[in-house]
Structure formats: C-alpha cells, structure tokens
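Novice: Below is one structure. I have some questions about it.
Bear in mind that the values in this text are calculations on the coordinates, not laboratory data. None of these values were measured; they are calculated from a predicted model. When we count neighbours, we look across all protein chains shown, and the Cβ atoms used for this are built from the backbone with ideal geometry, even at glycine.
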Amino acid sequence: MFRGLIVAGALALGVAGVVAQSDVIKARQDAMKAIGAANKPAVGMLKGVAPFNLATVQASLKAFSDNANKSLTLYPAGSNQGETAALPSIWQNKADFDNKMKALAADAATALKAITDEASFKANFPAVLKNCGGCHGEYRRKS
C-alpha cells in the first residue's frame with residue numbers, strides 16, 4: 001500500500017510538471033502572438049498601405065516591450081519539450097536570447113518616447129523590427 005502511494009505521488013508530480021510545462025509554452029506562444037499581432041498594423045503603416053495612426057503605433061510598441069519583458073521568464077530550463085517552435089539554441093545560448101529580448105523591450109520603449117509623428121515613426125520603428133528578425137533566425141523553428 002505504501003509503495004502504491006509513492007507511485008501515485010510520483011505520477012501526480014510528473015503530470016503536474018507536464019501541465020506546468022505546457023502552461024509556460026502556451027504563455028510564451030501567447031506573448032509572441034501578441035507581438036506578431038501588434039506588428040501587423042505598424043508594418044502596414046511603414047509600407048504605406050495603412051494610414052499613420054500614432055495611438056496604434058504606441059499600442060504596438062507597448063505590446064512589444066511588455067511581451068518581450070514577460071518572455072524573459074517564459075523559457076525556463078526543461079521547457080523545450082512539447083509543442084513549441086522554440087529551438088534548443090535558446091537554452092544553449094540563454095544569455096544571448098535574454099539579451100535580445102531585453103534589447104527588443106528597450107528599443108520599443110525608446111521608440112515609444114521618440115515617435116511623435118509619421119516621420120519619427122519611419123525613422124525609429126525599423127530598429128525595433130530588426131530585433132524581431134534577429135531572434136527568429138536563430139531561435140525559432142521555421143513553420
């Protein structure tokens with residue numbers, strides 16, 4: 001009976017670990033989807049297919065900054081198992097990955113202060129986008 005309790009407890013802990021891991025994977029996918037969603041209208045403005053809207057740009061940059069900062073806690077060791085597009089290189093080069101997330105957050109916050117009109121948007125927003133491309137190339141599995 002005691003052995004059965006130990007086995008049941010171990011199984012419960014294992015299931016809890018899998019659930020916690022899938023929760024962190026879902027949370028980071030949600031954070032990256034939020035960045036992607038914030039990116040679309042701003043890129044449309046940058047390409048000239050959508051009219052410039054300062055409030056939309058500000059909301060996009062805030063989403064970039066908030067979700068990049070949040071992402072710093074969403075890649076704990078061992079969370080590379082499961083349904084994820086995150087490459088093992090994230091955990092192999094964690095300091096670099098974290099630095100890229102911090103740079104995205106900082107550049108978005110800086111751009112948020114600097115962008116006041118369409119001209120300053122076109123001058124400052126591309127630097128924020130460079131951060132996204134840098135991470136995708138090294139740390140995201142191509143779909």
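Novice: From the backbone phi of region 90-101, what are the Karplus-calculated ³J(HN,Hα) couplings (6.51 cos²θ - 1.76 cosθ + 1.60, θ = phi - 60°) in whole Hz, Gly and Pro given as x?
Specialist: Values per residue, Gly and Pro as x: 4, 7, 6, 10, 4, 5, 5, 4, 4, 4, 5, 5 Hz.
Novice: Report the net charge of residues surrounding Gly36, where surrounding means a beta-carbon distance below 12 angstrom and charges are Lys +1, Arg +1, Asp -1, Glu -1.
Specialist: In short, +2.
Novice: Where a Cα-Cα gap under 20 Å defines reach, which lysines qualify for Lys102, not counting those fewer than 8 residues away within the same chain?
Specialist: Cα-Cα hits under 20 Å: Lys33, Lys62, Lys70, Lys94, Lys113, Lys130.
Novice: Now for a separate question. By the scheme Lys and Arg +1, Asp and Glu -1, what is the net charge of all other residues having a beta-carbon under 14 Å from that of Thr110? Before the final figure, lay out each step's value.
Specialist: On the way: positive: Lys62, Lys102, Lys113, Lys130; negative: Asp107.
Overall, the nearby charge balance is +3.
Novice: Amide H neighbours of Ala86 under 5 Å, counting only residues 5+ apart in sequence or on other chains, H built in-plane at 1.01 Å?
Specialist: Correct list: Arg141.
Novice: To the nearest 0.05, how large is the calculated FRET efficiency for Leu129 and Thr73 if R₀ is 30 Å and r is the Cβ-Cβ distance?
Specialist: In this case the efficiency is close to 0.80.
Novice: Here's a follow-up. Sum up the charges of everything whose Cβ sits under 11 Å from the Cβ of Ile90, counting Lys and Arg as +1 and Asp and Glu as -1, but leave Ile90 out.
Specialist: Charge balance in the 11 Å sphere: +2.
Novice: Now a separate question. Given 0.36 nm per residue, what is the gain on full extension from Lys94 to Ala114 after removing their alpha carbon distance, in nm? The partial results should precede the final answer.
Specialist: Details: separation 20, 0.36 × 20 = 7.20 nm, distance 2.99 nm.
Additional length available on full extension: 4.2 nm.
Novice: Using a 10 Å cut-off around each Cβ, can you sort Val49, Val57, Val24, Val43 from fewest to most neighbouring Cβ atoms?
Specialist: Fewest-to-most Cβ neighbours within 10 Å comes out as Val49, Val43, Val24, Val57.
Novice: Related question: Could you list Ser60, Ser71, Ser89, Ser143 so that the one with the fewest beta carbons within 10 Å of its beta carbon is first and the one with the most is last?
Specialist: Working: Ser60 25, Ser71 22, Ser89 14, Ser143 4.
With the sparsest Cβ surroundings first, the list reads Ser143, Ser89, Ser71, Ser60.
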